[in-house]
Amino acid sequence: MDLAERVKEILEKYYICDECLGRQFHNIIPKIRNREKGRILRTFVLFSYLHNKEEVKIKKEGECYLCKNMFNKIDFYLNEIKKRLKDYEYNSFLIGSKIPKELISREEEFWDENGVDFCEAMKSSFNREIGYRLRKETKKKIKFENPDIMIVVDPEKNEIDLQISPLYIKGSYKKKTKKGKVQKLIENTLVKKSSASESIFYSIGRLEQNVITSCYRPFIIMLKNPKKRKLGLKKIKQEINKSKSISVSNLSYSNKDSLDEMKNEKITASYLATLEFNKKFGKEEFKEIRKKLISLRNKRVLQFLKKKTRKPYIRRLKVKVSGRKLIIDVESTVGFSINSFLKGKIKKLIGKDFKIKEIILKNYRKMKSHEMYS
Ligand SMILES: [Zn+2]
């Protein structure tokens, strides 16, 4: 059947709008917009009736059999979307839609009857049309993977749903005091600047309240539903660093891949812990203690943390004495609680009371593959 006859047959059976008519023949000339194609084909069929002096039998205009005039509401959706987007800073977007099931199955039956060979499905045509116009008006990019904002149109309910991609900020920080919730300070500043609804802080290992760091601890913060995406990280860094309890460094924009990478990295952490006792140690006494402590090297220690059992591995352990102080230099795989280690295993081996004077996190080290399961 030639094209004109096919179009004629369709138009005699149903009223369908120009968009829906045009997209049945989308792939013949994809460059011409569907609405335009539909208009041309409809006019052409009218011409051929007149040319053949036939009675015009095409169905009268009414509600489109296929889309129920959904395509006529594109201006309305576009306006709604633009209103909603005003609150957000973004570079890229993608349009999605919830086409009613009833319309999808109706379209499938229509194809069975009238052919499917050149057509574009309602959903992709609808999404593309809105996307095309939104791009033209906003000058933003359409991005199929990880757009800043995913816009979902529900034509049945006349609703627009915005799914805002999180913003990831990475950096590293030094914690300079035993007190002060430094993590919260970074988080709160970034939440405020981005007008995010909430944030999640990710880092490696565990940094307990009474531990200070002499190294920079890497982190990635996920900011959910951010309204701002250009935060001015240089200024934020200066602002946070006014606090004496913390120093942040290398703030930059990041992504989910980097976060996944960080979560999967196998890391060890080194600590320097200073314990203070009531009395000085005698030479022999220290020798004895040193021997006991060093026996923990290359062993796993059992720890109960947050109701979970962990078995971090002690890679390295050195002990020094200085007056009433004992200085323990220990390296362990992450998941290790230095406090629980000192108050548990170490106290038991020494058999004496002590005060924890200071714990310094010295550095993190990526484990080499041959170290992983030893
Ligand atoms: Zn239609």
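We did not get these values from a lab; they are worked out from the coordinates using the rules stated. None of the values given here were measured: they were computed from a predicted structure. Counting neighbours? That spans all protein chains shown, and the Cβs are built from the backbone with ideal geometry, glycine included.
The table that follows gives values for the structure above.
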quantity	calculated
Computed magnitude of the charge dipole of the chain (debye, nearest 20; Cβ of K, R +1, Cβ of D, E -1)	5020
Full-extension gain in nm, K308 to L46, via 0.36 nm per residue minus C-alpha separation	86.7 nm
Dipole of the chain [Lys/Arg +1, Asp/Glu -1 at C-beta], most positive-end residue of Q163, S249, S124	S249
Long-range amide H partners of E358 with built H, under 5 Å	T274
log₁₀ of I(q)/I(0) at q = 0.13, 0.14, 0.19 Å⁻¹ - segment 3-164, Debye sum with one point per alpha carbon	-0.66, -0.74, -1.18
Inter-label distance for E159 and K101, nm, one decimal - labels placed 7 Å from Cα along Cα-to-Cβ	1.7
Efficiency of FRET between R135 and K57 - r from beta-carbon atoms, R0 45 angstrom, step 0.05	0.65
Mean shadow area of the chain over all directions, Cα convex hull, nm²	26.6
Rounded to the nearest 20 debye, dipole of segment 167-264 from Cβ charges on Lys, Arg, Asp, Glu	500
Long-range Cα-Cα pairs in segment 1-61 (distance over 20 Å), rounded percent	19
Chain lengthening between K83 and F201 when straightened (0.36 nm per residue, less Cα-Cα)	39.3 nm
Shape of segment 167-264, Cα gyration tensor, a/c cut at 1.5	oblate
Positive-end residue, the chain charge dipole about Cα centroid, Cβ charges, pick of S295, N34, P147	S295
Relative contact order for segment 3-164, counting Cα pairs under 8 Å that sit 6 or more residues apart, in percent	27
Karplus-derived HN-Hα couplings along segment 299-312 (A = 6.51, B = -1.76, C = 1.60, θ = phi - 60°), whole Hz, x at Gly and Pro	10, 8, 10, 8, 10, 10, 10, 6, 6, 10, 8, 10, 10, x
FRET efficiency estimate (nearest 0.05) - Cβ-Cβ, N210 to F76, R0 56 angstrom	0.40
Cα→Cβ-extended label distance, 7 Å offset, between R324 and N298, nm	3.7
Relative contact order, percent, the chain [alpha-carbon distance under 8 Å, six or more residues apart]	14
Rounded to 5, the percent of DSSP beta bridges in the chain classed as antiparallel	85
Debye-sum result for segment 267-371 in log10 I(q)/I(0), which assumes one identical scatterer on each alpha carbon, at q = 0.18 Å⁻¹	-0.86
5 angstrom amide H check on M367, placed H, neighbours 5+ away	K266, I267, T268
For segment 167-176, Karplus couplings with θ = phi - 60° (6.51, -1.76, 1.60), whole Hz, Gly/Pro x	9, 10, 10, 10, x, 8, 9, 10, 9, 9
Gyration tensor verdict on segment 236-295 (Cα atoms; rounded if a/c is under 1.5, prolate if a/b is larger than b/c, oblate otherwise)	oblate
Segment 172-256: relative contact order in percent, alpha carbon pairs under 8 Å with at least 6 residues between	42
J(HN,Hα) series, segment 10-21, from Karplus relation 6.51 cos²θ - 1.76 cosθ + 1.60, nearest Hz, glycine and proline x	4, 6, 6, 8, 9, 8, 10, 6, 4, 4, 5, 5
Residues whose placed amide H lies under 5 Å from that of Y216, excluding near-sequence neighbours	none
Residue-span extension gain [K192 to E12] - 0.36 nm each, minus C-alpha spacing	58.7 nm
